[in-house]
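Pasting a structure below so you can have a look.
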Amino acid sequence: MAEEQNKKPCRFWIWASASVVFRLILISFPGNLNLSSRPEVSTPLTSIRRLAEGYWLKQASMSPYAGSMYHGSPLLLSVLGPLTVQRIKGQPSHLLCSLVFVIADILSAMLLRGIGQKLQMAYGLNARLLGFLKSSRDKVILPCGDIAALVYLWNPFTIVSCVGLSTSPIETLAVILALFGAVTRRVPLAAFGFVMATHLSLYPATLAIPMIILLGYGLDAPPIKLFLQTRSVENEKSSTSTVTKQAKSKQTTHLPFLWKTVMHFLFWVLLWSLYVLVLCALSLNKYGGVEEMFKRTYGFILSIEDLSPNIGVFWYFFAEVFDFFRNFFLIVFHVNVLFMLLPLAIRLKHRPCFLAFVYLAISSILKSYPSVGDSALYLSLCALFVNELVDMKFSFFLFCGYLGISLLSPVMHNLWIWRGTGNANFYFGNAIGYACFQIVFVVESVSAMLNHDRALRRSSSNHGEVNS
Amino acid sequence: MASLVRSWIPLLILQSFLVAVAFGSKEAEQFSEALLLKPLPDRKVLAHFHFENRAPPSNSHGRHHHLFPKAISQLVQKFRVKEMELSFTQGRWNHEHWGGFDPLSSMNAKPVGVELWAVFDVPQSQVDTSWKNLTHALSGLFCASINFLESSTSYAAPTWGFGTNSDKLRYGSLPREAVCTENLTPWLKLLPCRDKDGISALMNRPSVYRGFYHSQRLHLSTVESGQEGLGSGIVLEQTLTVVLQPETTSVETNMQPSWSLSSLFGRKVVGSCVLAKSSNVYLQLEGRLGHESKNVDTEIEAHKLWKNADFDLSLKPDRVLRESSGLLFIFDIDKSSDSEPFDLGLNWKLPSKWSCQQAPLQASRFLMGSGNERGAIAILLKATESQEKLPGRELTDGRCTIKANIFQIFPWYIKVYYHTLQIFVDQQQKTDSEVLKKINVSPSTDKVSSGMLEMMLELPCEVKSAAISIEYDKGFLHIDEYPPDANQGFDIPSALISFPSHHASLDFQEELSKSPLLSSFKEKSLVRSYTEVLLVPLTTPDFSMPYNVITITCTIFALYFGSLLNVLRRRIGEEERFLKSQAGKKTGGVKQLLLRLTAKIRGRPIEAPSSESPAAESSFLSTKLIFKIILIAGAAAAWQYFSTDK
């Protein structure tokens, strides 16, 4: 038994280090295997080439946002900018940047593992509380942390966006840092991750809801009603989980909401955002200040000015739509991201981490400039819920879909852009297919999670009946 | 009647001329015409028409002009134009054979299409407005689409790369503008004699547009009078440069073709324009020919200049000027008349060869890369043979250097990465600090402004070739932004290469006559050359798709929204209960049957329908109905109220 437990982490470390070595081999190829020019990998927001241009403009004492090249954060510019011009003799250019991205990937994987271990513990605890897990042999709890970390490290999407020199590994790291902070209740860390993620790519702003729930109510758990039902049946003693502690202390139907922690979180968010804004203002002192930054980053994201093809559906839509309706559709599409926030939050409030995953998946579908890096993030977050999502439908179909799209996309792009034998509809059709698969994925995972809760309720009521 | 009118016209013109002379003793408006003919080394002939119209600064005439075109003076007054140049060009100037280091080529070798630049005399904030208004006015005046230069994506404000240092300068060019006779006619209208009389009568449209190159140029500059109260004078310079191929019967390929004015243009000059102060025809012979005869002392020597073993001229020149590289024959056409038209001819007897003086570096520009996603622009500067002989080399830090300015406008859909700028000198990559002396970049903003690159290179004198390359991404446009022939591609305007330390001027050894053409040649002009226009194909979307794309994308959104909401909303237990209660309420035969069937399949007994009294049901329904009706009526009333209120 102990041997087995020792073995598992060992195997994990072997696989993790193998993925790092694989990355290091890939980045040592010259020209980054032309991955950095792929529209699937680098979007106008995450392209390192544009970042280098912004840095060059800044060095030439111009605003980095002059022209329509750079749309990222000024902080990222001052961190990564110097690395884009540093060349080591005999090594491919941008090697240092690639190393930064590899480190970001490793960190993300480790944090994911941390999140997963917490979730796994909570899952086991809850299951034991509800009485499904009489003994550990009864049903095996998968080590979701290790799985998620390995899925993240070995996901081709992650590898491609790490090697392909897009800044999305850093954005991913910020998002995972925020979740990690919230899961481990390190409020300042959570606030920092949240502020950085929002600052880098705007869409993680939706994570505010799951993070507040996470800090207020605690980790993912089956609905509270179940506990109350089970408690009335059996009084089992244990444990250190916050959920059970609270549930124990008050025998009400409502879980106490930890206002103090949430306020603490909000305070830190305020503090960090002030800090970030001041830093940005300092670095853009001469070039229009923070206002210019908001216009060129968030404004660029929201107004979808760049119509170059990517794997989303917006570029072609806004290249074709009549100018008269442009603003209307802009509003409709952006509001669509926000529309589902509340229904999802109501329905999944007992599972904040899963809620965060769903929000990230939705924003990756409806993003103005999506890349495979966003998919990599939500796919690995999905792996955190292997225990709950075992009964997910269409998983093989979806796997084939993702595989097919990622193989077809370069082909279609090549046919259209390089050979000129196809036209834009080829690539757009591919993007539509990708969007459909993502939608099916989100819908099915939500449905599987709800079904899981339903099954829990049913079995617990059966359990109760049997016991009584 | 008609003959009467016709006889009156010259009289009237004469009268007005006399009046003009009487009024402004010294400050009269002056018009002069000139034609320069020049055989070119590649068996072609260059004809350069030059008309100059001067309106001196004066208030005596108010806004009235005798010779000066009113349209132009109004333009200058209204938009406060300090200096302006407009050129319409078709064909490409051959720098190798037609010269690149003389005033003629540096001023008249223009980029294809329309080029316009103007310096304004208005506050900085109003420059752009003035420019926009000016483009519209010129567009109307010259029947060309100059108004496309109005949009901020098509013009730029060069700081120093253009040669004129002014912050009120605007520059724009339209490479695709087709130039034809409808642009020439309004241009000729500005001349006092139009094309009816004098030298301009030679402009026979078929022969002008048959040429290899033609460029019509209009340059105007205002001359500030020092005195107060006086307005500013205007100098309007109109030139037309044509390169023609004389028809030749000789079979010898190395023999220069003989030509005459009538064979080139199909017309002859019959008398000068009455209103012109001077009207001359010049014949410039370059190269070896000039150097042959060193001294023009005697009458026989002079005669030998125009009738010798090599060639002879059909008319005796009035004067012969010698300049550094050749001979200039001057003819006065005042003496010609209807009976004795001026028909200058040049007859070659022996094959002869000479070469033109070229700019220190010859520039060409090309595109690199394939596909519709990205590419690179390269400008190649090649040393010419005459480079070593040229003056204007500079010694900096003991090194001999050539300076070259490059000025380039990029349309916004060419998204240039300035950090990828690479400079190769003699095929070796150089760092910026080695050769790049100055650089000024204004990056383009999508759909708002065009990009501009100005840079000054300092190359060593012994350079053989220098290449500059810069990478770009191709933009993707909205379907409305594509021109009707979207698949033809988009033009990148010519780059301008100028050599700030080299100046071209003709150096006449004798004291100069007062001819405006010659004085403009004597002025030092910046040596500049334009590169080719580049054609960049951009990817096109499917133009027939907007409705399909809108509907398909919206379907995706509906799919997302609908299915996710459905999953969230569905509660299986409640659904079953609801279905059962529904089934119980409506006791239709078929439904009952179905219910039984489903019950059988599920293996559960049929639940009894809810036992609510039908009366209560109906009353509940009716209150609901009444409430709904009231709500709708209220909404309708409110709508009516608000809509009629406006």
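Each reported figure results from applying straightforward, stated rules to the coordinates on display, with no laboratory input. Note that the structure is predicted; figures quoted are calculated from it, not measured. Don't worry about glycine lacking a Cβ; one is built from the backbone with ideal geometry, like all the others, and counts go over all protein chains shown.
When you look at the Cβ of every residue in B:413-421, what mean number of other chain Cβ atoms sits within 10 Å?
Per residue, the number of nearby Cβ atoms from other chains is 5 on average.
Using a simple charge model, +1 on the beta-carbon of Lys and Arg, -1 on the beta-carbon of Asp and Glu, nothing else, what dipole does the range A:299-408 show about its Cα centre, in debye to the nearest 20?
Dipole size: approximately 400 debye.
When the helix-only estimate is applied to chain A (DSSP H runs of n ≥ 4, each -39,500 (n - 2.57), divided by the residue count), what is the mean residue ellipticity at 222 nm, nearest 500 deg cm²/dmol?
-22500 deg cm²/dmol
Just going by the charge dipole of the range B:127-252, with Lys and Arg at +1 and Asp and Glu at -1 on Cβ, which of B:156, B:138, B:222 is farthest out on the positive end?
Highest projection toward the positive end goes to B:138.
Put a dot 7 Å past each Cα toward the Cβ at residue B:594 and residue B:439; how far apart are the dots in nm?
The answer from the label model is 7.4 nm.
Normalised by the empirical 2.2 N^0.38 Å for globular proteins, what value does the Cα Rg of the range B:44-190 take?
1.11
For the range B:442-500, which GluC sites (Glu not before Pro) pass both filters: DSSP loop (anything but H, G, I, E, B) and at most 12 other C-beta atoms within 10 Å?
Answer by residue number: B:462.
Need one number: nm distance between label points at residue B:637 and residue A:274, each 7 Å from Cα along Cα→Cβ, rounded to one decimal.
Here the answer is 5.3 nm between the modelled labels.
Could you run the Karplus curve 6.51 cos²θ - 1.76 cosθ + 1.60 with θ = phi - 60° over the range B:116-123 and give me ³J(HN,Hα) per residue in whole Hz, x for Gly and Pro?
Working through the residues one at a time gives 9, 9, 8, 10, 10, 10, 10, x Hz.
How about the range B:48-130: which trypsin sites (Lys or Arg not before Pro) there are in a DSSP loop, with at most 12 other Cβ atoms within 10 Å of their Cβ?
Counting only loop positions with at most 12 other Cβ atoms within 10 Å, the trypsin sites (Lys or Arg not before Pro) in the range B:48-130 are B:63.
Ok, one more. At 7 Å along Cα-to-Cβ for each site, give me the label-to-label distance between residue B:308 and residue B:350 in nm.
That separation, rounded to one decimal, is 0.9 nm.
For the range B:403-472 and the range A:173-204, what is the separation of their C-alpha centers, rounded to whole Å?
Using only Cα atoms, the two centres lie 42 Å from each other.
When the dipole is taken about the Cα centre of the range B:153-213, and only Lys, Arg (+1) and Asp, Glu (-1) are charged at their Cβ, what size is it in debye, to the nearest 20?
Computed about the Cα centre, the dipole is about 80 debye.
Among A:370, A:259, A:285, which residue has its Cα positioned farthest towards the positive end of the charge dipole of chain A, with +1 placed on the Cβ of Lys and Arg, -1 on the Cβ of Asp and Glu, and the dipole taken about the Cα centre?
A:259
Once amide H atoms are placed 1.01 Å from N in the peptide plane, what residues at a sequence separation of 5 or more from residue B:36, or on another chain, have their amide H within under 5 Å of its amide H?
B:48, B:49, B:50, B:282
Roughly how big is the range B:481-566's charge dipole about its Cα centre, with Cβ charges of +1 (Lys, Arg) and -1 (Asp, Glu), in debye to the nearest 20?
About 180 debye.
Answer rounded, prolate or oblate for the range A:68-194, using the Cα gyration tensor with square roots of eigenvalues a ≥ b ≥ c: rounded when a/c is under 1.5, else prolate when a/b is larger than b/c, else oblate.
Cα axes put the range A:68-194 in the prolate bin.
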